[in-house]
1. Give the nm distances, rounded to one decimal, from B:GLY204 to the matching residue in every other copy, measuring between label points 7 Å along Cα toward the beta carbon; shortest first.
2. Given a 1.4 Å probe and every protein chain left where it sits, what share in percent of the accessible area of the stretch B:154-214 is carbon and sulfur?
3. What does the convex hull of the alpha-carbon atoms of chain A project to on average, in nm²?
4. Take every residue in peptide A:52-62, count the Cβ atoms of other chains within 10 Å of its Cβ, and give the average of those counts.
5. Could you compute the net charge surrounding A:GLU162? Neighbours are other residues with a C-beta less than 11 Å from the C-beta of A:GLU162; K and R count +1, D and E count -1.
6. Work through the residues other than A:ALA45 whose Cβ is under 11 Å from its Cβ and net out their charges, Lys, Arg +1 and Asp, Glu -1.
7. Work through the residues other than A:PHE185 whose Cβ is under 11 Å from its Cβ and net out their charges, Lys, Arg +1 and Asp, Glu -1.
8. Across peptide A:141-148, what mean number of C-beta atoms from other chains lies inside 10 Å of a residue's C-beta?
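The values are calculated or read from the model by the stated rules, or taken from the named source; none is laboratory data. Since we're looking at a predicted model, the values are computed, not measured. Positions of Cβ are backbone-derived with ideal geometry, glycine not excepted, and every protein chain shown enters the neighbour counts. Please note that ligands, DNA and RNA were not included when accessible areas were found on the heavy atoms of the full protein model with its side chains. Shrake-Rupley method; radii C 1.70, N 1.55, O 1.52, S 1.80 Å.
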There are 2 protein chains.
Amino acid sequence: MTRSGQPEEGIRVAVSTAILTLRRDGAQAPRIALPLVRRTRDPHAGAWALPGGWLDTREGLATAAARTLAETTGLAPSYLEQLYAFGAVDRSPSRVVSVVYWALLREEDALGAAAQENVHWFDATDLPELAFDHARIIEYALWRLRNKVGYSRVAQGFLPPEFTLADLREAYETILGRKLDPANFRRQVDATRTLIPTNAFRTGNHRPARLYRDATDVELADRGPLSPEETRTS
Amino acid sequence: MTRSGQPEEGIRVAVSTAILTLRRDGAQAPRIALPLVRRTRDPHAGAWALPGGWLDTREGLATAAARTLAETTGLAPSYLEQLYAFGAVDRSPSRVVSVVYWALLREEDALGAAAQENVHWFDATDLPELAFDHARIIEYALWRLRNKVGYSRVAQGFLPPEFTLADLREAYETILGRKLDPANFRRQVDATRTLIPTNAFRTGNHRPARLYRDATDVELADRGPLSPEETRTS
DNA sequence: TCAAAAGTGTTGCTGTTACACCCATGT
DNA sequence: ACATGGGTGTAACAGCAACACTTTTGA
């Protein structure tokens, strides 16, 4: 095959997504959870896998990620970013190129979605046996999230439109796996000038906490010269 | 099409690479240059494009990137990393998914390669009219390089195995587009403990400069849980 | 009034920047 | 000897971590 020639045959392109959200059991600290689907066919029938599907010839990659996500789990993420394209020949018996996305989901949206057959939520630190190399892919997605939280506002993808600094700090703590100093955390986030204080407070057991919302019209993460991909299905 | 169903048809997968190297005209400061190939067919016949080719069904993505690179330009990069997978429907009349890599090439290797027909080198800041969205892709590759140079040793991908700190600093300065303080630069790089001083010096016009080599068996850039892809063609 | 979270102040540490200065070589 | 890049020293500054402290509420 030469450079300018056409390939003899096409290759099947799969799109799948690691959807991360926060989940809390009772009053404990939240944990990162993600939905997996049980495979019904070989290869790896019976094993759990990232939700996804085949790329249709009439749609873009990000659109396909959002579509297959909705079809398999009924979920609509608040943040979606391409993770990596995998294409080793030994990943599957028949040749497949797999473009993987990672997504963040608001806690409330995860609860609101109807439970679906063959879809289960797993704690990211306690995963079942996974199909293909999906275990490593999830590791990579979590690594990317931990990294990105350090220099962007992605953590807000876990939160509702209005939230307290304690909410935000809790999300950071869950992602990073360590406690953060509330005083320093406050100063650091408002040094970024990306949070807009509202006049509302969350009243609870103690001193009320001011609610913030994120600056609108600003992407949660800087993707450089690449504009965020279109994810509308229309 | 349902999740578990097979796609009706395969999709052609293209692999192309933005190959960056340093190039100097006379005694001036070096600039980033990259090779482009002139397209001989539609779409965009006559326009310049990133070197690449079609993914063969029997090879991995990174292998295909290295192979098509060698076939179209005769070059073998010192560093190769996946950049992004593009798949918007309107990129090409017929549906194509394009997996783009970016690579670094040692200055010497660029000069050593025989000049090939339809391959020309361009200054990264002075590009011709490019096919598809390749102009934006090159912007993205340069952005990634600028970013990565801040927290990794990728810049050494431009340099021969042994180099002086001035060589390395010059590479950084070219990538970042600004002068760096030699004194501070020295301290910063040896704080990373990744450079091994040799007993050799480069003797020239002034005080001889010690030659360094990079710590072997260490990847130039941290890619997280993803092990570097195999690029051997065998 | 007390516990606990919200929020402010302050101090010491660490890494960076700027730049003065000495060293070693070719011309 | 002197110009020039190699290489060291150091003081000022900025950002961050640690933690003492004040404020405001519910119980």
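1. When each copy's label point is compared with this one, the spacings are 6.1 nm.
2. Values: 1840 of 3790 Å².
So the carbon and sulfur contribution to the accessible surface is 49 percent.
3. Numbers: hull surface 62.7 nm².
Its Cα hull, projected and averaged over all orientations, spans 15.7 nm².
4. Values: counts 1, 6, 9, 6, 6, 8, 2, 4, 7, 7, 2.
Across A:52-62, the average partner-chain Cβ count within 10 Å equals 5.
5. On the way: positive: A:ARG202, A:ARG210, A:ARG213; negative: A:ASP167, A:ASP214.
With Lys, Arg at +1 and Asp, Glu at -1, the net is +1.
6. Working: positive: A:ARG38, A:ARG39, A:ARG41; negative: A:ASP42.
Spelling it out: positives minus negatives among the neighbours equals +2.
7. Computed value for this residue: 0.
8. On the way: counts 2, 2, 5, 3, 0, 1, 3, 0.
For peptide A:141-148, the averaged partner shielding equals 2.
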